[in-house]
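Following: one structure in structure tokens, then a few remarks.
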Amino acid sequence: MTVFYIGRAGEYSEVNRNPINECFSLMTHLAWPIDSRYGIAVCRQYSSGNVYPSVSLSTPLPGIPKPVFASVDGHEKYETKITTLENGLKVASQNKFGQFCTVGILVNSGSRHEAKYPSGIAHFLEKLSFSSTAQFGSKDEILLTLEKHGGICDCQTSRDTTMYAVSAEVKGLDTVVNLLSDAVLQPRLLDEEIEMTRMAVRFELEDLNMRPDPEPLLTEMIHAAAYRGNTVGLPRFCPAENVEKIDRKLLHKYLQSYYCPERMVLAGVGIEHEQLVQCARKYLLNVKPVWGVSTPANVDRSVAQYTGGIVKMVKDMSDVSLGPTPIPELTHIMIGLQSCSFLEDDFISFAVLNMMMGGGGSFSAGGPGKGMFTRLYLNVLNRHHWMYNATSYHHSYEDSGLLCIHASADPRQVREMVEIITREFIQMTGTAGEMELERAKTQLKSMLMMNLESRPVIFEDVGRQVLATGKRKLPHELCELISNVTASDIKRVTTKMLRSKPAVAALGDLTELPSYEDIQAALSSKDGRLPRIYRLFR
């Protein structure tokens with residue numbers, strides 16, 4: 001590299017220099033002194049391979065003060081602290097350093113509790129969340145209040161839990177808990193808000209049947225097949241015929257039974273426990289809900305009854321996705337078997353089994369970390385090019401569970417696809433290889449730890465565990481349980497699972513779909529093959 005610089009006598013000189021040291025060379029030949037405002041760093045000669053060949057990156061540099069790192073006393077900063085108030089409400093918190101916190105109220109209420117009511121109440125309450133309350137005139141007013149603390153709010157309902165959550169600055173904790181208390185216990189439920197919710201629910205139901213991804217609809221169908229007409233088999237989305245039936249009176253009657261303090265948890269992540277307990281006492285201890293005195297005696301305590309069965313929906317999937325590269329017409333099949341509840345010891349074994357099966361779409365931009373070495377990739381997608389998807393799912397609740405495999409392919413190859421899936425279920429009972437099992441366990445632990453780096457995920461984990469069990473298993477405890485799973489555990493839980501009747505959900509062109517009896521017979525056989533059929537004309 002050729003460089004010109006001004007020497008002390010003012011003449012121009014031309015030199016060839018190493019570009020790394022060029023800055024230093026220029027400064028040392030300047031005619032004027034270095035400005036002290038910029039310090040010694042301006043003229044420091046940085047190390048390079050030929051100047052300081054013996055400097056180690058692992059040995060501290062001489063003359064540098066010893067660093068002092070932040071530390072915590074024992075494990076107290078990582079433990080979930082739980083306090084039960086006089087009215088039965090549990091307050092749970094997990095400390096986490098940072099400027100923001102996530103706080104919310106979880107209620108033991110969901111679509112599974114609607115046996116005595118028209119289905120869809122939980123869906124309505126989700127859409128009505130954070131609307132006008134006793135203190136706040138509208139949803140906009142709530143959002144403006146949160147905006148002052150950099151906050152956002154959200155409500156999600158599942159089959160067994162309703163969760164109201166807010167993420168905001170730690171300094172705004174008092175405002176946040178006050179707002180949550182008002183949103184959960186003092187909603188106005190105005191006629192115009194309920195009418196807007198009806199419109200939103202109708203739109204969501206329409207969208208559910210039109211979207212290219214059939215996953216939510218299939219999940220709804222497989223639960224309806226597995227738990228026909230009871231608990232977690234009740235519809236999570238409001239049926240179209242119930243949209244007009246749900247009004248303020250019905251909502252208040254439901255809230256009176258299920259929104260009581262002993263069925264709630266106030267969970268927080270990123271805040272001091274005592275501060276959260278203080279706010280809970282202030283805003284949630286002696287508050288009278290807008291619907292009056294709670295009547296927890298009317299709570300439906302039914303235990304999930306696994307029935308098995310089939311739910312079919314014949315549907316034209318040829319125009320589900322239009323455009324320059326439309327999705328081809330596919331038939332979607334989901335086959336499930338009963339697993340166990342998340343309170344049982346075998347839950348961890350089923351989680352490892354689900355990770356071992358893995359799977360995904362026929363196209364996935366990734367390597368082994370994306371699950372390319374799972375069984376549904378190696379045995380199904382890699383061997384049968386015509387299959388578009390094969391994915392394993394595990395749904396677990398407080399009294400039952402469901403392990404299922406979703407597969408999709410061209411309608412003409414549905415029978416062959418079903419046989420491939422039933423064979424995979426049968427092959428689960430074989431002894432898992434040591435490397436395969438270790439990979440699945442490592443992948444599960446990795447996924448667990450990566451998810452728990454997110455503050456909202458920690459919040460949901462704390463809230464759900466405390467709501468279901470009254471305590472929380474810490475990540476290192478879960479990792480230890482995962483490490484203890486053996487190949488014999490996998491074989492044992494799979495053998496037990498295969499004794500249950502299958503649950504089947506089918507969507508699309510079902511001309512080639514085998515009968516439910518044939519699928520049941522395949523899952524009872526040694527090799528998982530469907531009974532042979534003989535046709536004179538094909």
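The figures follow:
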quantity: Rounded percent of accessible protein surface that carbon and sulfur make up, the chain, 1.4 Å probe; calculated: 55
quantity: Euclidean distance between Cα centres, region 434-498 to region 230-274, Å; calculated: 28
quantity: Dipole magnitude of the chain about its Cα centre (Cβ charges: Lys, Arg +1; Asp, Glu -1), debye to nearest 20; calculated: 960
quantity: Solvent accessible area, Å² - Glu169, 1.4 Å probe, full protein context; calculated: 40
quantity: Whole-number percent relative contact order across region 306-524, with pairs defined as alpha carbons under 8 Å at least 6 apart; calculated: 35
quantity: Largest to smallest accessible area among Met163, Met199 [probe 1.4 Å]; calculated: Met199, Met163
quantity: The chain: angle of helix 414-427 to the longest principal axis, Cα-based, in degrees nearest 10; calculated: 70
quantity: Listed residues Arg375, Arg248 arranged by accessible area, highest first, probe 1.4 Å; calculated: Arg248, Arg375
quantity: Longest site-free stretch - the chain; sites: chymotrypsin sites (Phe, Trp or Tyr not before Pro), DSSP loop, at most 14 other Cβ within 10 Å; calculated: 98-362
quantity: 1.4 Å probe accessible area per residue over the chain, in Å²; calculated: 52
quantity: Straight-distance crosslink candidates among lysines, where the alpha carbon sits under 29 Å from Lys148 and sequence neighbours closer than 8 are dropped; calculated: Lys77, Lys81, Lys90, Lys96, Lys127, Lys139, Lys171, Lys282, Lys288
quantity: Charge sum, other residues only, whose C-beta stays under 14 Å from Tyr254's C-beta, Lys/Arg counted +1 and Asp/Glu -1; calculated: +3
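The values are calculated or read from the model by the stated rules, or taken from the named source; none is laboratory data. The structure presented is a predicted model; accordingly, all values stated were derived computationally and were not measured. Counting neighbours? That spans all protein chains shown, and the Cβs are built from the backbone with ideal geometry, glycine included. The accessibility values were calculated without ligands, DNA or RNA, using every heavy atom of the protein model including side chains. Shrake-Rupley method; radii C 1.70, N 1.55, O 1.52, S 1.80 Å.
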